[in-house]
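Participant: Handing you this structure, nothing more for now.
The values are calculated or read from the model by the stated rules, or taken from the named source; none is laboratory data. Small disclaimer: the values here were computed from a predicted structure and weren't measured. Counting neighbours? That spans all protein chains shown, and the Cβs are built from the backbone with ideal geometry, glycine included. Surface accessibility is based on the protein's heavy atoms, side chains included, excluding ligands, DNA and RNA. Shrake-Rupley method; radii C 1.70, N 1.55, O 1.52, S 1.80 Å.
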Amino acid sequence: MREPVTTFHEGVFNGRRLRYAATVREAAVPRADGEPGAYVVSTQYLAAEQGDPADRPVIFACNGGPIVAATPLHMGGLGPRRIAYPDDLAADPAGFPIVDNEYCLLDVADLVFFDPAGTGYSRVAEGVDAATYYGVDADARQMATWIEGWLRDHDRTASPVYLVGESYGSIRVAVVSELLTALAEPVRVEGVVLVSQATNIIETCWRPANILSYAVSLPTLTAIAWYHGKIDRAGRTLDDVITESSHFADTEYLSGLFQGDDLPAGERERLAERLASLTGIPAGRWAERNLRLSKHDFRAELLAEEGLVLYMYDGRYAGPPAVPEPAGEGSFSARVGGPVNPTGVSAIMDALEPAIATHLKDFLEVGRPGDYRDMAPPAEGRAPADVWRWGATSPFGDWPYMDSIARAMTRAPAMRLLICTGLFDLTTTIGAARHAVRQSAWPRERVRTAGYAGGHMMYSVEASLRELSGDLRDFVKNTPGT
């Protein structure tokens, strides 16, 4: 194994000047037989002179994919340095600077970014097939085992632990929370944060017979139509129209969908007119489609007269019509995102690779940025997500991952849950997050949801990053004893 590389820095976080150590560290993760299965290389930021380390919270953060490195959370919003995304959506990503991140949470917690085996600098052990970890259970066990080892190696087994997962990473941390709280000596999991949660993604998949998907998606369609000025905005804030759309979706709209062909013609016409006022799509289009308009039809039609299609992960962006997904109709990205739009929000992603390379070389001083992988390698010629082993079921057939959190919350009575959703995200929607809370059996008094004016990576909007950072800080500061 390689020796850890540590550098020392100083920064101002939430108005507090702090010294901290940044370490890129490799750790062996054993398999069930005790032999190393993977070598996880993580990046950690530990504040100096913050009292007894055993009492200081630790945030373990990861992204999704599956299966990608933690670069978006690391460089997009949570790390001590971040990409300064401009408000101009058409700006060239080559000009996005890296700046000190005043919103970083180092004033209240230490931060550790997890790159699963095959991503970042993390690799499987010699002779181990990388695809061994391409599945919900194996992937989650890798992270849980690594966290257990990290806490032990740093004498932090008594520290309050927070798990932050984005997109597929929300499924990962859901299962990890269950694994850690079920140990013979349970890890002190105080909180789980689901960023752009995917624990019940079936609710946002498009299926003609899945009437619930249309209802839970409607508030997001309304938010995006409001943003692009396609519905009446006079005296109506974004929160106003989302509240209005959510209530309509929960009541009249879902009832009308349930009635199907038995819905009286006059009522169908009335609902179509109401849907038009909430989405900017003409009532006639709603009526001819039996009041069903998928997210993918919406993104193609809202700006069709301008020759533009909305981007799936952030409906603020739009570009020329999409091209077919190379992996074909059956691919994971086709199932959750539809065809790839080559323009628009790719600016957010395009800025990440050069940013992490610069950060690794100049700030963390580890060198070899070319060896850092944003995504795990293909298996059998296919993307990891397309050979992913979901187990007995998948999020496209059921949503068992909410149950993992419920079991963890039962075992850890102090554990709380925060769900953070981008209001313009067409992939993991605000309606699906609301539905997850309602259908989860999670103790409601320990659950909070929050929406932000952005997309899947809502932290790319500085105002939303400021709000997200404040919510996360309050979430961590409410840890008993801190």
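Participant: Based on the Cα atoms of the chain, what semi-axes does the equivalent ellipsoid have, where each is the square root of 5 times one gyration tensor eigenvalue, given in whole Å with the largest first?
Facilitator: Rounded to whole Å, the semi-axes are 38, 23, 23.
Participant: Between Thr449 and Glu365, what FRET efficiency comes out of the Förster formula 1/(1 + (r/R0)^6) with R0 = 45 Å and r the beta carbon distance, rounded to 0.05?
Facilitator: 0.70
Participant: Let me check against my output: what whole-number percent is the relative contact order of the stretch 1-115, with C-alpha pairs under 8 Å and at least 6 apart?
Facilitator: 29
Participant: If you don't mind, there's one more thing I want to ask. Put one equal scatterer on each alpha carbon of the stretch 101-226, apply the Debye formula with no solvent term, and list log10 I(q)/I(0) at q = 0.09, 0.17 1/Å to two decimals.
Facilitator: -0.36, -1.00
Participant: Tell me the net charge near Pro378. Cut-off is 14 Å between Cβ atoms, Pro378 excluded, with +1 for each Lys or Arg and -1 for each Asp or Glu.
Facilitator: That works out to -2.
Participant: Hey, another quick one. Per residue, what volume in Å³ does the convex hull of the Cα atoms of the stretch 155-311 enclose?
Facilitator: 150
Participant: Another question, if that's okay. In debye, nearest 20: dipole of the chain around its Cα centre with unit charges on the Cβ of K, R (+) and D, E (-)?
Facilitator: Result for the chain is approximately 620 debye, rounded to the nearest 20.
Participant: OK, next. Any chance you could give the angle, 0 to 90 degrees and rounded to 10, that helix 238-248 forms with the longest Cα principal axis of the chain?
Facilitator: With rounding to tens, the tilt is 60 degrees.
Participant: At what distance in angstrom do the alpha carbon centres of the stretch 253-307 and the stretch 99-121 lie from each other?
Facilitator: 43
Participant: Same structure again: Suppose we keep just the DSSP beta bridges with both residues in the chain; what percent of those would be antiparallel, to 5?
Facilitator: Percent antiparallel among DSSP bridges in the chain is about 55.
Participant: List the lysines whose Cα sits under 21 Å from the Cα of Lys295, skipping any in the same chain fewer than 8 residues away.
Facilitator: By straight Cα distance, Lys295 reaches Lys230.
Participant: Which of the peptides 277-284, 15-22 is most tightly packed, and how do the rest follow, judged by the mean count of other Cβ atoms within 10 Å per residue?
Facilitator: Packing order, densest peptide first, comes out as 277-284, 15-22.
Participant: Under 9 Å from the Cβ of Val5, count the other residues' Cβ atoms, weight Lys and Arg +1, Asp and Glu -1, and hand me the total.
Facilitator: That works out to 0.
Participant: In whole Hz, with x marking every Gly and Pro, tabulate ³J(HN,Hα) for the stretch 209-223 from phi via Karplus 6.51 cos²θ - 1.76 cosθ + 1.60, θ = phi - 60°.
Facilitator: The phi angles translate into 7, 8, 5, 4, 4, 5, 5, 6, 7, 4, x, 5, 4, 5, 4 Hz.
Participant: Can you show me the helix-derived [θ] at 222 nm for the chain, built from DSSP H runs with n ≥ 4 at -39,500 (n - 2.57) apiece and divided by the number of residues, rounded to the nearest 500.
Facilitator: Using -39500 (n - 2.57) per qualifying helix, the result is -9000 deg cm²/dmol.
Participant: Given contacts defined as C-alpha pairs under 8 Å and at least six residues apart, what's the relative contact order of the chain, whole-number percent?
Facilitator: Once normalised by length, the contact order is 20 percent.
Participant: Whats the longest run of the chain with zero GluC sites (Glu not before Pro) that are DSSP loop and have at most 12 other Cβ atoms within 10 Å?
Facilitator: The reported range is 127-328.
Participant: I'm checking a number: the convex hull volume of the Cα atoms of the stretch 52-132, normalised per residue, in Å³. What is it?
Facilitator: For the stretch 52-132, the hull spanned by Cα atoms encloses 141 Å³ per residue.
Participant: Going by amide H atoms built from the backbone, whose H comes under 5 Å of the H on Phe13, apart from near neighbours?
Facilitator: Long-range HN contacts for Phe13: Leu18.
Participant: Another question about this same structure. Sorted by accessible area (1.4 Å probe), largest first, how do Phe13, Phe8, Phe363 line up?
Facilitator: Largest accessible area first, the residues go Phe8, Phe363, Phe13.
Participant: How large is the accessible surface of His9 in square angstrom, using a 1.4 angstrom probe and rounding to the nearest 10?
Facilitator: Roll a 1.4 Å probe over it and His9 shows about 40 Å².
Participant: Also: If r is the Cβ-Cβ distance from Glu3 to Arg438 and R0 is 60 Å, what FRET efficiency results, to the nearest 0.05?
Facilitator: 0.75
Participant: In square angstrom, what is the accessible area per residue of the chain with a 1.4 angstrom probe?
Facilitator: Heavy-atom SASA per residue in the chain reads 39 Å².
Participant: Then there is this: Using a cut-off of 14 Å between beta-carbons, work out the net charge of the residues near Asp471 (Lys and Arg +1, Asp and Glu -1, Asp471 not included).
Facilitator: +3
Participant: A further question on this structure: State the extension gain, in nm to one decimal, for the chain segment bounded by Ala48 and Asp33, taking 0.36 nm per residue of separation less the distance between their alpha-carbons.
Facilitator: 1.7 nm
Participant: Tell me, how many Å apart are the Cα centres for the stretch 49-86 and for the stretch 344-390?
Facilitator: When both Cα centres are located, 16 Å separates them.
Participant: Right, another one. Which percent of the accessible heavy-atom area of the chain goes to carbon and sulfur, probe 1.4 angstrom?
Facilitator: Carbon with sulfur: 51 percent of the solvent-accessible area.
Participant: Where the only charges are on Cβ atoms (+1 Lys, Arg; -1 Asp, Glu), what is the dipole of the stretch 184-264 about its Cα centre, to the nearest 20 debye?
Facilitator: Computed charge dipole of the stretch 184-264: roughly 300 debye.
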